[in-house]
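Reviewing the structure listed below.
What follows is calculated from the coordinates using simple rules that are stated; it is not laboratory data. It should be emphasised that the depicted structure is a prediction, and the values quoted were computed from it without experimental measurement. So basically every Cβ, Gly included, is an ideal-geometry build from the backbone, and we count neighbours across all protein chains shown.
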Amino acid sequence: MTQARDLADGKFDTDTLVVDAANNAVGIGNTTPNSFTQNSSERLVVGSGSGSQGLTVYAGNASYSSVSFADGTSGAQQYAGFLNYNHNGDLLQVGIGGSERARFTTNGLTFNGDTATANALSDYEEGTFNPTIATSGANVAYSGQNGIYTKVGRAVHFNFQINVGTVTSQGSGDFILGGLPFTQGTNDNFGRFTVQTNAVNFNSSYTFFAYPSGGVAFRILGMADNTGWHVFSTSDFNISNGSIIVVTGTYFT
């Protein structure tokens, strides 16, 4: 019969495993586990200082590796918080209050147990870009090109301002603005962007908007007294030295 041993404070293999009996703490590769962070209440600390140290949780069975956070009660709420990694499905489940609240999959982030690929949030970012006048044959020098965007999933919300310095050539054909930060998705020509101008000569009988036209460019679209939409050409929307164009809108990738 093996007799139990009271370890009390002790070190094993020098500093590999440290038992701090006074503070009920255990350190692996850390000699002072109870004072590792600001609240000094850790019970298990792995590693210390910098470097590639960490804790590996092996699968309890062929499908899952789990870390649970118990609240000390019995029943379903005993493990009120949890992290489950599903090895077969390659997904990480985050549980709060005993229920799954978020799921990270290869498609992105979903919420409250949603498994639909189309509902996964795959991207969020903010950034800047340089808008341009992309009309065929246009030759323009800029005094300012300032664009900002926020992308959430497929939706890109943007705002930009172009300050024209000098215009050597208006170009020809449709007046086109370009330089959007992401390529537009197909069949999204229903989008409308608001446009504000200064020192731009255009037909005043039109109310105009911008609309996506594929790629990273878009055209100016106008309507005169509800007579139908009209795509503006360089003769309809005439820029000059000192022109300012401000556009705000949302489109889908």
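Give the shape of the stretch 165-253 as rounded, prolate or oblate, defined through the alpha-carbon gyration tensor: a ≥ b ≥ c are the square roots of its eigenvalues, a/c under 1.5 means rounded, and otherwise the shape is prolate if a/b is larger than b/c and oblate if not. Oblate, since a/c reaches 1.5 and b/c is not below a/b.
Ordering of 179-185, 65-71, 165-171 by packing is 179-185, 165-171, 65-71, highest average first (other Cβ atoms within 10 Å, averaged per residue). Extension gain, Ser122 to Asn163, is 11.3 nm, computed as 0.36 nm per intervening residue step minus the present C-alpha separation.
For the stretch 83-242, averaging the sequence separation of C-alpha pairs within contact (under 8 Å, six or more residues apart) and dividing by the residue count gives a relative contact order of 16 percent. Here the simple spin-label model places points 7 Å from the Cα toward Cβ, and for Ser235 and Ala22 these points are separated by 9.2 nm. Charged neighbours of Gly95, selected by a Cβ distance under 11 Å, balance to +1 (K, R count +1; D, E count -1). With a cut-off of 12 Å between beta carbons, the residues surrounding Phe232 carry a summed charge of -1, where Lys and Arg count +1 and Asp and Glu -1. Using the Cβ-Cβ distance between Leu55 and Thr115 with R0 = 35 Å, the FRET efficiency computed as 1/(1 + (r/R0)^6) comes to roughly 0.80. A Förster radius of 41 Å, combined with the Cβ-Cβ distance separating Ala70 from Thr253, puts the computed FRET efficiency at roughly 0.45.
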